Amino acid sequence: MLSTSFLFLVGGALVSDGFLGLIHITPDSEIVAVTADLALFAVLFTDGMHVSFPTLRAHWKNPARALGLGMPLAFVGMALVTHYLVGLDWTTSFLVGAVLAPTDPVFASAIVNRKQVPAKLRQLLNVESGINDGLALPVVLILIAAAGPTSGHAQSSLGMIGLELGLGLVFGVLLPLLVNGLVRFRLLGAEPKLQPLLPLATGILLYALCHLTHANPYLAAFSAGAVIVAVSPEAKAAFEPLGEALAELAKFAALLVFGALLTPQLFGDLSFGGYVAVFVAIVLIRPASLLLSLIGTRFDRREKLVAAWFGPKGFASVVYGLLVLQAGIPQGEQAYTLIAVCIAFSIVAHSSTDVPIARLFDVDDLAGIPDKDDDNRVDRRR
């Protein structure tokens with residue numbers, strides 16, 4: 001019941017100024033933005049490698065429902081709750097809704113990684129969480145610009161926002177294709193034992209390129225991972241153990257740093273209405289919005305309930321919340337406090353329930369019901 005993510009979060013809180021005082025980190029410390037940014041990039045890069053285009057083409061309707069209907073419903077629902085329970089103005093309330101709308105499969109890893117869980121459920125959660133970060137970003141930037149004075153992170157021009165997203169997508173597609181084409185030349189090919197480093201080098205180049213050009217690195221990371229697995233499955237297979245380990249390390253580093261921001265003062269600054277809003281966001285808004293979007297699909301009741309529950313707030317919300325805090329908008333600090341507390345409670349709630357809930361699907365496995373992924377692997381071997 002005590003997940004590794006939860007333990008790292010608590011560990012970060014214990015060594016912070018609010019408890020043992022061993023490290024001194026504030027929300028505007030550079031290490032906070034850097035670790036959150038790197039962790040989100042690494043997680044999305046490896047998540048993209050889990051995308052199967054043939055499967056996605058055959059089963060695109062469920063993720064499209066979650067993104068096209070479930071996400072906007074969660075966005076609007078959170079904005080209404082924030083305005084009426086916390087008292088923030090409408091623009092800032094919608095900004096909070098946009099920041100907390102993206103979900104993250106990292107804190108429900110047992111659901112998206114265990115083969116006993118139905119493949120269509122794992123695919124829904126993984127694709128939804130991978131794409132909704134990029135969809136939420138332009139809305140966050142526009143609302144930051146509309147809420148008041150902006151920092152260098154927020155671009156008031158819709159054209160600039162569109163350019164950043166477009167560049168991220170272009171770089172994420174073209175750079176892996178270029179690297180894959182180059183290494184097919186005999187003189188440029190990698191030694192077999194160094195094959196795992198090829199996608200890593202591609203990711204590092206992509207991260208640098210995005211930050212030099214202000215392209216969106218998160219959309220680039222996810223699309224690059226998807227392109228790599230499509231054009232070079234052998235590179236994905238060689239990189240997967242190293243990539244998963246690096247993504248886990250980045251995630252835990254970010255959790256330690258984020259945990260250090262969770263001081264007693266932060267929790268004390270949130271009003272009673274804020275805590276009610278956090279509870280409603282986790283228990284009601286996400287489940288209700290996704291259940292509505294899945295009406296008429298072929299998911300059974302248990303699968304719908306599991307998909308509805310697992311909408312944890314993750315690194316995208318952390319990064320976007322920091323953008324809100326650093327933008328200097330009038331109610332930015334109150335918005336960040338609500339966002340941070342909601343993320344913390346979401347991590348505890350979701351990362352501590354994924355294993356027990358995933359085990360509920362072991363009944364199907366024991367009954368001898370084949371997993372679709374297993375069928376696909378058999379077909380490929382043939």
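The table that follows gives values for the structure above.
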{"item": "Which listed residue, of PHE41, PHE6, PHE45, is under 20 Å from the mean Cα position of the chain (by Cα) and modelled with pLDDT under 85", "result": "PHE6"}
{"item": "Selected residue (only one of ILE228, ILE204 is among the aliphatic types (A, V, I, L, M), in a helix (DSSP H, G or I), out of contact with any helix residue (DSSP H, G or I) (no Cβ under 9 Å at 6 or more places or on another chain) and at negative phi)", "result": "ILE204"}
{"item": "Every residue from the stretch 66-103 that is of a type in the set (S, T, N, Q) and within 23 Å of the chain's Cα centre (by Cα)", "result": "THR82, THR92, SER93, THR103"}
{"item": "Tabulated pairs, the stretch 69-97, first farther than 17 Å from LEU284 by Cα and of a type in the set (S, T, N, Q), second open to solvent by 50 Å² or more (accessible area, probe 1.4 Å) and modelled with pLDDT under 95, C-beta under 7 angstrom, 6+ apart or interchain", "result": "THR91/ALA146"}
{"item": "Of all residues making up the stretch 304-344, the number that are under 23 Å from LEU292 (Cβ atoms) and either open to solvent by 10 Å² or more (accessible area, probe 1.4 Å) or among the hydrophobic types (A, V, I, L, M, F, W, C) (or both)", "result": "10"}
{"item": "Long-range neighbours under 8 Å by Cβ, at least six apart or interchain, first residue without any contact (Cβ under 8 Å) to a residue 24 or more places away in the chain and assigned to a loop (DSSP other than H, G, I, E, B) within the stretch 23-48, second open to solvent by 20 Å² or more (accessible area, probe 1.4 Å) and not basic (Lys, Arg)", "result": "HIS24/ASP17"}
{"item": "Single unsatisfied condition, ALA335 versus (1) in a helix (DSSP H, G or I); (2) under 18 Å from the mean Cα position of the chain (by Cα)", "result": "(2)"}
{"item": "Where a residue in the stretch 292-313 is within 18 Å of ASN132 (Cβ to Cβ) and free of Cβ contacts under 8 Å to residues at least 60 places away in the same chain and its partner, wherever it lies, is in a loop (DSSP other than H, G, I, E, B) and not β-branched (Val, Ile, Thr), with Cβ under 9 Å and at least six apart", "result": "ALA308/LEU294"}
{"item": "Some residue of the stretch 326-340 being within 19 Å of SER109 (Cα to Cα) and either in contact with a Gly (Cβ under 8 Å, 6 or more places away or on another chain) or not hydroxyl-bearing (Ser, Thr, Tyr) (or both)", "result": "no"}
{"item": "Total residues in the stretch 244-254, condition surrounded by fewer than 21 Cβ atoms within 10 Å (Cβ to Cβ) and not hydrophobic (A, V, I, L, M, F, W, C)", "result": "2"}
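The values are calculated or read from the model by the stated rules, or taken from the named source; none is laboratory data. As the structure is a prediction and not an experimental result, all values here were calculated from the model. Positions of Cβ are generated from backbone atoms using ideal geometry, with glycine treated the same way; all protein chains shown enter the neighbour counts. These accessible areas exclude ligands, DNA and RNA; they are computed on the full protein's heavy atoms, side chains included. Shrake-Rupley method; radii C 1.70, N 1.55, O 1.52, S 1.80 Å.
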